[in-house]
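Accompanying notes for the structure given below.
Laboratory data are not the source of any read-out in this text; all were calculated from the coordinates shown. All figures in this text were calculated on a predicted structure; none of them were measured in a lab. Glycine gets a Cβ as well: all are built from the backbone with ideal geometry, and neighbour counts include every protein chain shown.
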Amino acid sequence: MDTILIVEDNEDVNFMLAEALTDAGYRVESIYTGTDCIDIIQSQKFDLILLDIMLPYKSGDQILKELRLFSETPVIIISAKDMVGTKIDLLKLGADDYITKPFDLGEVVARVESNLRRIHKQGYVNVNNSLQYKDLSLDDNAKRVAVNHVEIELTATEYMILELLIKSRGKVFTKSNLYESIWEEEYLGDDNAIKTHISNLRNKLKQVSPDTEYIETVWGLGYRLYKE
């Protein structure tokens, strides 16, 4: 049974989320401030975190920034802020998904299921236990990525995008292809998530190997692994 941590200061909203996710078969733990959030995440295992942004004492974006220093646990942001810039900033900080208040509880449960399904799909074992491209290697068992033997910390979503591109070497993925392959839900035209995750992925790879191109933009079409 997957365990979900809900970080939401509004007691009514927190209760509704907890009730909906419990009814959907998840184990749920709720907290209401950001103060002890990091300590709880470090001391307990959670499969996914629902994180509000406007929290007392410590904001959700601060928590996300600290969390990504030591954990790649999937995070879905729940926020009343519906500005594109805010969504992009949080995706750049490492959020995996974003839901705007007011929300439909059915949508929240569906997003949780979709994100967890993506994570669980990573559990297969490749015949050689690794994927290789140029000086980049993916360890399927440990879910680790290294360039020139230097390990790179990727979020679960970034890992899945890179894995998909390497396993489908040469194939061009449109934004809708990528979205529907990774998120496993219908693409509705909002490509900010894809653009931001690709940008984050490129930046992390470039920090280790600045002179090597790994992901190519095929203008007007989408993305593919850079031709060797």
Rounded to the nearest 5, the percent of DSSP beta bridges in the chain running antiparallel is 50 percent
The simple spin-label model distance between E151 and R68, using points 7 Å out along Cα→Cβ, in nm, is 1.9 nm
Per-residue ellipticity at 222 nm attributable to helices in the chain (runs of n ≥ 4 DSSP H, -39500 (n - 2.57) apiece, nearest 500 deg cm²/dmol) works out to -12000 deg cm²/dmol
The range 206-223 scanned against label point 7 Å out from S176 along Cα→C-beta; backbone N under 19 Å for 218-223
Taking only the alpha-carbon positions of the range 126-225 as identical scatterers, the Debye log10 I(q)/I(0) at q = 0.13, 0.21 Å⁻¹ comes out as -0.43, -1.14
Quotient of Cα radius of gyration and Kirkwood radius for the range 1-104, i.e. Rg/Rh, equals 0.93
Per DSSP loop assignment and a cutoff of at most 11 other beta carbons within 10 Å, the chain keeps its longest run without exposed chymotrypsin sites (Phe, Trp or Tyr not before Pro) at 125-218
Given unit charges at Cβ for Lys, Arg (+) and Asp, Glu (-), the dipole magnitude of the chain about its Cα centre in debye, nearest 20, is 1060 debye
Relative to the compact-globule estimate 2.2 N^0.38 Å (N residues), the Cα gyration radius of the chain stands at a ratio of 1.02
Length-normalised contact order of the range 38-176, Cα under 8 Å, at least 6 apart, in percent, tallies to 17 percent
Length gained if D89 through V218 is fully extended, taking 0.36 nm per residue and subtracting the Cα-Cα distance, is 44.0 nm
Computed for the range 3-121: size of charge dipole around the Cα centre, +1 on C-beta of each Lys and Arg, -1 on C-beta of each Asp and Glu, debye to nearest 20, value 540 debye
